[in-house]
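Below is one structure, written out as structure tokens, with a few remarks after it.
The values are calculated or read from the model by the stated rules, or taken from the named source; none is laboratory data. Given the structure is predicted, the values throughout are model-derived calculations rather than measurements. Reconstructed Cβ throughout: ideal geometry from the backbone, glycine too, with neighbour counts over all protein chains shown.
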């Protein structure tokens, strides 16, 4: 069967490869001039540093099959994501851990003492946290919430934390030891030659054709037996019910010599600082040696029609619109909606690959379902 993948990111590449290996012909198109979607990496021409063009992507998973899959196409070097944050004139370690707690409160607490101390700070009157703010106050109390979460969250999402769901904060751990590894998954690493090189190897199959600078146009689907759509869900329908809300990012690039900030990611929690963080990309590949360094200040704002969507908002208004689009998607013949944009969900890379593998298996078994994963149809 001739199949069309709209989008050359992880979803389109993984599905195309699995179906190509099963004997199908896959055409992969992307409106951008490169493959790998938002995990695209390239060499900075001035410094030689391998840059994560659309912001840093650290691979982490507990899914052994997904780890085996990516390491089939790329060598992954060990990498631990150790984030720092500048707040109130000091630098702290994230996620909040025993060092953060002791430094912030000027104490020398042991783990059991720190656990009891934070429990005493928590707002126990909140029994069922519904918002980000309630979750934070119930979880760590007002002091840590104000210092590390409130300002950063307002800048990142463009609204007060009381308007955001509690589920956003549930992704962030608090540790009562000195472990400052941001993630807790069994497999963690960085691709030695970058994500774009990895995706290129996934797409390197005689049954796969790739066409870049090629946006989807009406009528393309008529030439294929099935379409796998990883573009915006609302975009498939021409945004005729309205646009789903996203946040986008602006990047302010600057270069220096040597080591500029001493770490890969420095968050800025104070609300008066306009950017959310600075990333220094040479630290994402610590096995390389570069005299120069390239950094990016990140600014978050509402996503416009011509911007690159990064984070689905999924607030009340968007969820209602999403249900309408999902119902229409469930009635579409010959198309499967996949990936972060196609399902309007924030997906880590490992989950994206897992769902792509499962989608390809379902298609090969004749059981692929229409509609959008994770939302009512």
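Structure values in brief
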{"quantity": "Selection within region 161-190 - part of a loop (DSSP other than H, G, I, E, B), surrounded by fewer than 19 Cβ atoms within 10 Å (Cβ to Cβ) and in contact with a strand residue (DSSP E or B) (Cβ under 9 Å, 6 or more places away or on another chain)", "calculated": "172, 178, 181, 182, 183, 184, 185, 186"}
{"quantity": "Check on residue 318, modelled with pLDDT under 95 and under 25 Å from residue 271 (Cβ atoms)", "calculated": "yes"}
{"quantity": "Hey, residue 297 more than 17 Å from the chain's Cα centre (by Cα), part of a strand (DSSP E or B), touching a residue at least 12 places away in the same chain (Cβ under 8 Å) and within 24 Å of residue 155 (Cβ to Cβ) or not", "calculated": "yes"}
{"quantity": "Segments classed as strands (runs of 3 or more DSSP E), wholly inside region 28-142, with at least 3 members that are over 30 Å from residue 15 (Cα atoms) and touching a residue at least 24 places away in the same chain (Cβ under 8 Å)", "calculated": "83-87, 90-94"}
{"quantity": "Residue in region 275-294 that is farther than 19 Å from residue 44 by Cβ and either at pLDDT 95 or above or outside the structural domain of residue 8 (by TED's automatic domain parsing) (or both) present", "calculated": "yes"}
{"quantity": "Looking only at region 277-294, and only at residues there that are assigned to a strand (DSSP E or B) and within 17 Å of the chain's Cα centre (by Cα), the one that is farthest from residue 192 (Cα to Cα)", "calculated": "277"}
{"quantity": "Residue match in region 69-82 (condition: under 20 Å from residue 215 (Cα atoms) and either surrounded by fewer than 20 Cβ atoms within 10 Å (Cβ to Cβ) or touching a strand residue (DSSP E or B) at 6+ places or on another chain (Cβ under 9 Å) (or both))", "calculated": "no"}
{"quantity": "Matching entry among 37, 23, 7 (being under 17 Å from residue 227 (Cα atoms), in the same structural domain as residue 201 (by TED's automatic domain parsing), modelled with pLDDT of 95 or more and within 20 Å of the chain's Cα centre (by Cα))", "calculated": "7"}
{"quantity": "Residue count, region 342-356 (criterion: crowded, with 18+ Cβ neighbours inside 10 Å and assigned to a loop (DSSP other than H, G, I, E, B))", "calculated": "3"}
{"quantity": "Output for region 357-374, where each listed residue is under 20 Å from residue 216 (Cα atoms) and either in a loop (DSSP other than H, G, I, E, B) or at pLDDT 95 or above (or both)", "calculated": "370, 371"}
{"quantity": "Residue match in region 131-142 (condition: in contact with a strand residue (DSSP E or B) (Cβ under 9 Å, 6 or more places away or on another chain) and surrounded by fewer than 18 Cβ atoms within 10 Å (Cβ to Cβ))", "calculated": "no"}
